[in-house]
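The structure appears below as structure tokens.
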Amino acid sequence: MIRTAGKILSPPPPGKGRGGAPVVARRILIVLLGSIGDVTLALPLVNRLRRGYPQAHIIWAVELLSAPLLVHQPAVDETLIFDRPHGVPAFLRFLRQVRAARADLTLDLQRHLKSGIVSRVSNAPLRLGFHRRNAREGNWLFNTHRLDPMPHLTPKLQQFLRFADWLGVEEVPVTFELRVTDAEERRVEELLAGVPAPFVAAIVGASWESKLWFPDRMAAVSDALAGRGVGVVLLGGPADGQFARAVVAAARMPVLNLTGRISLRDVIGILQRARVAFGPDTGPMHIAAAVGTPVISLWGATSPARSAPWGSESRVITGTAVCSPCYRRHCPIERLCMQSISVEAVVASVAAALV
């Protein structure tokens with residue numbers, strides 16, 4: 001645990017935000033349990049809060065899956081981890097930790113019932129969340145104050161930064177501060193041993209089946225890049241193993257498959273070294289953008305208007321279908337939108353980003 005030094009500020013009286021006089025706080029709780037992409041996109045908010053509250057103790061309530069993103073994050077003093085696979089007993093233990101944190105300002109970034117419960121249990125006198133139009137499952141009922149409503153497709157990073165606007169925190173440049181240690185750098189070097197330089201990271205997985213591209217097309221892109229002397233590294237979690245093996249089987253040229261063999265900390269280090277990353281709408285594409293790697297993102301079931309990687313908004317490739325974006329986890333018509341994304345379009349975009 002890292003603790004900030006200096007004078008502790010007094011708790012705030014509720015209702016001093018909305019861009020007026022800054023809200024004063026000594027213990028700030030951020031509630032954003034997951035996903036990997038959302039936690040990454042919220043890092044600029046916590047870094048801005050640190051600039052506005054240099055002596056506050058900033059705590060982040062997060063699920064175990066996304067917690068590695070907060071390791072060595074200089075703006076975060078403490079993490080409260082919900083071990084979701086262990087179910088209700090783990091959630092109850094987590095809530096006891098939240099109550100014991102004694103936050104005087106809670107920011108509910110997740111907008112669902114579960115995060116609303118966490119926010120309420122924090123017992124902070126000021127609990128700020130999303131407006132009813134932008135929240136779900138009665139989330140707004142658990143918070144004392146709410147942001148003004150926003151258009152549905154407002155980029156998520158901007159949505160998160162609205163919390164700092166409401167609190168009256170001065171605007172600062174967007175920073176993510178994702179970093180790896182020297183030991184993690186050495187492990188990444190070992191993982192990438194023998195990979196041609198430069199190399200491209202192919203992000204193969206996605207949390208929804210509807211977002212996936214196709215193994216034979218990823219293999220064709222990999223072959224085209226290998227023909228130009230560019231290495232290709234497949235990145236994904238254990239659940240993406242079958243997809244990645246299908247890519248390797250379809251590829252004619254060598255591909256390094258790290259899917260299922262790497263931690264989230266490894267992913268950060270690998271993406272820092274990649275010249276370009278490409279793949280569907282998934283968490284690691286936001287990590288790539290956060291470390292400054294150009295991202296070619298592929299879209300169909302979801303919209304890049306809301307979730308395009310920061311800094312790579314001009315590099316999106318959107319499939320066409322009358323039902324796109326549908327925001328359905330499973331597609332009943334064989335992902336026609338993703339089928340409309342050609343190998344040639346992806347290769348051309350990756351090649352342009354390599355220059």
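A short reminder: the numbers here are calculations on the coordinates, not readings from a lab. All values reported here derive from a predicted model rather than from experimental measurement. A quick note on method: Cβ atoms are made from the backbone with ideal geometry, for glycine too, and the neighbour counts reach across all protein chains shown.
Observations on the structure shown:
- Seen from all directions on average, the chain presents a Cα convex hull projection of 17.9 nm².
- Note on Asn123 and Tyr327: their simple-model spin labels are 3.6 nm apart, each label 7 Å out from Cα toward Cβ.
- Using the rule -39500 (n - 2.57) for each DSSP H run of four or more residues, divided by the residues of the chain, the 222 nm mean residue ellipticity is -10500 deg cm²/dmol.
- For region 278-355: rounded, prolate or oblate by the Cα gyration tensor [a/c cutoff 1.5]: oblate
- Compared with the dominant Cα axis of the chain, that is its longest principal axis, helix 156-167 is turned about 20°.
- Note on Glu190 and Ser314: the extension gain reaches 41.3 nm, defined as 0.36 nm multiplied by sequence separation minus the Cα-Cα distance.
- What the Kirkwood sum gives for region 110-194 is a hydrodynamic radius of 15.5 Å, with every pair of different alpha carbons counted.
- For region 27-167, fraction of C-alpha pairs farther apart than 21 Å, in %: 35 percent
- Using 0.36 nm per residue and subtracting the Cα-Cα separation, the extra length available between His112 and Ala90 on full extension is 6.1 nm.
- Taking Cβ atoms as reference points and 12 Å as the exclusive limit, the residues near Arg252 contribute a net charge of -2, counting Lys and Arg as +1 and Asp and Glu as -1.
- Per residue, the convex hull spanned by the Cα atoms of region 183-354 measures out at 100 cubic angstrom.
- Förster radius 22 Å - calculated FRET efficiency between His72 and Val172 (Cβ-Cβ, nearest 0.05): 0.65
- Sorted by Cβ neighbour density within 10 Å, fewest at the top, the residues Trp208, Trp60: Trp208, Trp60
- Rounded to 10°, Cα long-axis angle of helix 87-100 versus longest principal axis of the chain: 40 degrees
- Modelled label positions at Arg179 and Thr144, each set 7 Å beyond Cα in the direction of Cβ, lie 3.5 nm from each other.
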